[in-house]
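See structure below.
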Amino acid sequence: MLKRNVRSALAPVMLGAAATVSAAPATEQAVRAFIDQAGQRSAELSVKNSRAEWVFQNFITHDTQAMAVDTQKALTILGGEQARQARDYLQVPGLSAQTRRDLELIRHDVSVPSPADAASTAELVEIGAQLKSLYSTGKYCNEAGECSVLRDMELRMANSRDASELLALWQGWREVSPPMRKLYARQVELANQGARDLGYKDLGDYWRSRYDMSGDAFAGDMERYWQEVKPLYESLQCHVRDRLQDVYGEEVMPDDGTIPAHLLGNMWAQGWGNIEDVVMGGAWKAPYDLTAILEQRDMDALDIVKMAEGYFTSLGLEPLPQTFWERSLFTRPEDRDVVCHASAWNVDAVDDLRIKMCIQRTGEEVRVVHHELGHNYYQRAYNQQPYYYRGSANAGFHEAVGDAIALSVTPSYLVKIGLLDKEPATTEENTIAQLMQMALDKVAFLPFGYIMDKWRWQVFSGELSEAQYNDAWWQLRREYQGVSSPVARDSEAFDPGAKYHIPANVSYSRYFLAHLLQFQFHREMCEQAGFKGPLYACSAYGSEQAGQALNAMLSAGKRLPWQQTLENFTGSDDVDVSAMLEYFAPLKDWLDEQNRDRQCGWQS
Ligand code: X8Z
Ligand code: ZN
């Protein structure tokens, strides 16, 4: 167990709720010394924790879990002490604006804050590890006793067009989560107390307060962004619903305008790219099929990662270090349980970059690999910053970089790197098919990206009791996504727990923001690359100027408020949905034309 006492070593004066009053006031200098030391201690412990966590997630056993829990406990205790100390120092009058901001960063640096006592911390961290294990070792066994892991079920869901098989998969995976519900509710209780000790209303308020504005202002902005993109989503939902009805028949479709969640080609109905064939009705074929290309060329997981790295190096960024290739996990091992949900790491916080993924040979995974490398390039770019500035401008930026790069995976890019022989003709059909493929991933995702945290905000604030968790979840799914449960859910169900980020306790607003920001980043890189033409056709591949502009933003880390960092890169200090709307404009017109005589919308 870690033994240290930041307060007695560094803080002669305590103010605020837990204050002990002493003679001399804390000075700017003393507070700066605290900030420096806090950063050093956290940096050391984070590296130890990353190593233990890496081993646990690559080799899930009773013992590796216990080892990861130990380092996580130490980190949670340290982070909690420092965050509460920062809360107190924020009451010191006369501190510089810079010092106040640094203290806020320390106050926000714990992902799941714990109450101060050791027993609560131990319980909270153990619950966290248990939830992660339950999810990652979860298997569904059918009546014949054949068991499947999530990856295989996802693949079947992507490809099957048999409604009863889809329903079995959908229901089957949701059997992993009921045992999580009690643990989850207890985790909420403990983390809420931890957040209150730091001066917040609850964990949701704490998460919302990390965006260089008040938590309430952030919630208001999220709603505003959603309202701005909602018409685009509604057009897509209406068209997709109509096509699905054609394929599966009226008996499978509810008559309230919603889409049953098992028909969208994805376990969580969060991205619908796998059913493009259904949506395009076979009439218009996508101009190319990346999954088929990967198969024809016999590209394996490593080839896909090399292809993604090649994009980054074409922008003038450094290749990945040799250790990346030695230490990463690229494919799912057959002989042990691992956390397959893709992630990117910088284990020593310098350049020990790695990804951990169970890569499948699909076009969808090509985008995920770019996404992960975006994290790695970001991590390396800000590694020179002091500890508390090592991170993205806000969490959405980290998620947006690789996705923005993947927007440049256009036909012209595929020709350049030799995966396509020639560019498809620029016909309306090809344009719409290309945009539809992208919209089924990016536009379909938006309401899902929003409600994951909207649901948690309600849970954390106490608005929902444990008994209301599941119904409230489906109410949000219905209201925002126009997606409904294909069958009535029983009282034991805990469907939010069947999505990784709920048991892993990773906030999700970041992905909603990223889905908007990535189009802004893409537009900026295209401008830097001197591209002239419609945004959807642009690839910034090979543009060192775009690379320099991007790298300037990445290496700034979170030194400045995110609005400033965004303005330095794009000229705008707010999330600007116009880039996404511009990108999809031809598709929006096309959808509205298709929907002209249809009854759109749904009852929520
Ligand atoms: O979790 C991820 C990444 C890792 S940060 C693969 N994503 C979200 C998800 O899978 O639910 C990327 C998009 C949304
Ligand atoms: Zn990510």
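The values are calculated or read from the model by the stated rules, or taken from the named source; none is laboratory data. As the structure is a computational prediction, the values presented were derived from the model and not from experiment. Using ideal geometry, Cβ is built from the backbone for each residue, glycine included, and neighbour counts are taken over all protein chains shown.
Being over 22 Å from the mean Cα position of the chain (by Cα), over 30 Å from residue 57 (Cβ atoms), in a loop (DSSP other than H, G, I, E, B) and among the hydroxyl-bearing types (Ser, Thr, Tyr) is a condition met by no residue of the range 313-327.
Here is a yes/no grid of residues against (1) in a loop (DSSP other than H, G, I, E, B); (2) surrounded by fewer than 20 Cβ atoms within 10 Å (Cβ to Cβ); (3) touching a helix residue (DSSP H, G or I) at 6+ places or on another chain (Cβ under 6 Å):
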| site | (1), (2), (3) |
| --- | --- |
| 257 | yes, yes, no |
| 267 | yes, no, yes |
| 270 | yes, no, yes |
| 274 | no, no, yes |
| 282 | yes, yes, no |
| 287 | yes, yes, yes |
| 293 | no, yes, no |
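For first residues located in the range 585-604 and on the phi < 0 side of the Ramachandran plot and modelled with pLDDT of 95 or more, partners that are part of a loop (DSSP other than H, G, I, E, B) and among the polar types (S, T, N, Q) and lie 6+ apart or on another chain with Cβ distances below 6 Å form the pairs 602/258.
Remark: residue 555 falls outside the filter, which requires a residue to be of a type in the set (Ser, Thr, Tyr) and assigned to a loop (DSSP other than H, G, I, E, B). Checking each residue in the range 126-158 for being farther than 22 Å from residue 336 by Cα and modelled with pLDDT under 95 picks out 143, 144.
Can you tell me which residue among 388, 377 is more than 11 Å from ligand 1 (Cβ to nearest atom), out of contact with any Phe, Trp or Tyr (no Cβ under 7 Å at 6 or more places or on another chain) and under 30 Å from residue 102 (Cβ atoms)?
Working: 377 fails: out of contact with any Phe, Trp or Tyr (no Cβ under 7 Å at 6 or more places or on another chain).
When all the criteria are applied, what remains is 388.
Pairing each residue of the range 263-282 that is away from ligand 2 (no atom under 16 Å from the Cβ) with any residue that is in a loop (DSSP other than H, G, I, E, B) and aromatic (Phe, Trp, Tyr), provided the two are 6+ apart or on different chains, yields C-beta distances under 7 Å for 264/272; 265/272; 266/272.
Given the condition assigned to a loop (DSSP other than H, G, I, E, B), farther than 30 Å from residue 499 by Cβ and modelled with pLDDT of 95 or more, answer yes or no: does some residue in the range 96-107 qualify? Full working, then the answer.
Residues of the range 96-107 assigned to a loop (DSSP other than H, G, I, E, B): 96.
Next, only the ones that are farther than 30 Å from residue 499 by Cβ stay: 96.
Then drop every residue that is not modelled with pLDDT of 95 or more, which leaves 96.
Yes: the range 96-107 contains one or more residues that are assigned to a loop (DSSP other than H, G, I, E, B), farther than 30 Å from residue 499 by Cβ and modelled with pLDDT of 95 or more.
Determine, yes or no, whether residue 237 is in a helix (DSSP H, G or I), touching a strand residue (DSSP E or B) at 6+ places or on another chain (Cβ under 9 Å) and either at negative phi or of a type in the set (D, E, K, R) (or both). Spelling it out, residue 237 is indeed in a helix (DSSP H, G or I), touching a strand residue (DSSP E or B) at 6+ places or on another chain (Cβ under 9 Å) and either at negative phi or of a type in the set (D, E, K, R) (or both).
Within the bounds of the range 243-250, is there any residue that is among the β-branched types (Val, Ile, Thr), in contact (Cβ under 8 Å) with a residue 60 or more places away in the chain and in contact with a strand residue (DSSP E or B) (Cβ under 7 Å, 6 or more places away or on another chain)?
Of all residues in the range 243-250, those among the β-branched types (Val, Ile, Thr) come to 247.
Subset that is in contact (Cβ under 8 Å) with a residue 60 or more places away in the chain: 247.
Subsequent filtering for residues that are in contact with a strand residue (DSSP E or B) (Cβ under 7 Å, 6 or more places away or on another chain) retains none.
Checked the range 243-250: no residue is among the β-branched types (Val, Ile, Thr), in contact (Cβ under 8 Å) with a residue 60 or more places away in the chain and in contact with a strand residue (DSSP E or B) (Cβ under 7 Å, 6 or more places away or on another chain).
On the basis of being away from ligand 1 (no atom under 16 Å from the Cβ), on the phi < 0 side of the Ramachandran plot and of a type outside the set (Val, Ile, Thr), does residue 553 make the cut? Give the derivation first.
On the way: away from ligand 1 (no atom under 16 Å from the Cβ): yes; on the phi < 0 side of the Ramachandran plot: yes; of a type outside the set (Val, Ile, Thr): yes.
Yes; evaluated as a whole, the condition is true for this residue.
A quick yes/no check of all residues on (1) at pLDDT 95 or above; (2) within 16 Å of ligand 2 (Cβ to nearest atom); (3) crowded, with 22+ Cβ neighbours inside 10 Å:
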position	(1), (2), (3)
388	yes, no, yes
391	yes, yes, no
412	no, no, no
418	no, no, no
428	no, no, no
446	yes, no, yes
464	yes, no, no
484	yes, no, no
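Taking residues in the range 339-357 that are among the aromatic types (Phe, Trp, Tyr), and partners anywhere that are near ligand 1 (Cβ under 10 Å from one of its atoms), not one pair has Cβ atoms closer than 6 Å while being at least 6 places apart or on different chains. Of the residues making up the range 308-336, those that are hydrophobic (A, V, I, L, M, F, W, C) and more than 16 Å from ligand 1 (Cβ to nearest atom) are 312, 315, 317, 320, 324, 325.
Cβ separations smaller than 7 Å between residues 6+ apart or across chains give the following pairs from the range 500-515 residues that are in contact (Cβ under 8 Å) with a residue 40 or more places away in the chain and closer than 11 Å to residue 399 by Cβ to residues that are within 11 Å of ligand 1 (Cβ to nearest atom) and in a loop (DSSP other than H, G, I, E, B): 508/501. If you check 350, 339, 305 for being more than 25 Å from residue 505 (Cβ to Cβ) and within 16 Å of ligand 1 (Cβ to nearest atom), only one passes: 305.
Here the range 355-374 is the region considered, the condition is being in a loop (DSSP other than H, G, I, E, B) and more than 10 Å from ligand 1 (Cβ to nearest atom), and the residue that is surrounded by the fewest Cβ atoms within 10 Å (Cβ to Cβ) is 361.
What do you reckon, is residue 149 buried (at least 21 other Cβ atoms within 10 Å of the Cβ) and among the hydrophobic types (A, V, I, L, M, F, W, C)? Working first, answer last.
Numbers: buried (at least 21 other Cβ atoms within 10 Å of the Cβ): no; among the hydrophobic types (A, V, I, L, M, F, W, C): yes.
No; evaluated as a whole, the condition is false for this residue.
So is residue 427 more than 25 Å from residue 530 (Cα to Cα), of a type in the set (S, T, N, Q) and either more than 12 Å from ligand 1 (Cβ to nearest atom) or out of contact with any Lys or Arg (no Cβ under 8 Å at 6 or more places or on another chain) (or both) or not? No: the conditions fail for residue 427.
The set of residues from the range 488-541 being part of a loop (DSSP other than H, G, I, E, B), among the charged types (D, E, K, R) and within 14 Å of ligand 1 (Cβ to nearest atom) comprises just one member, 499.
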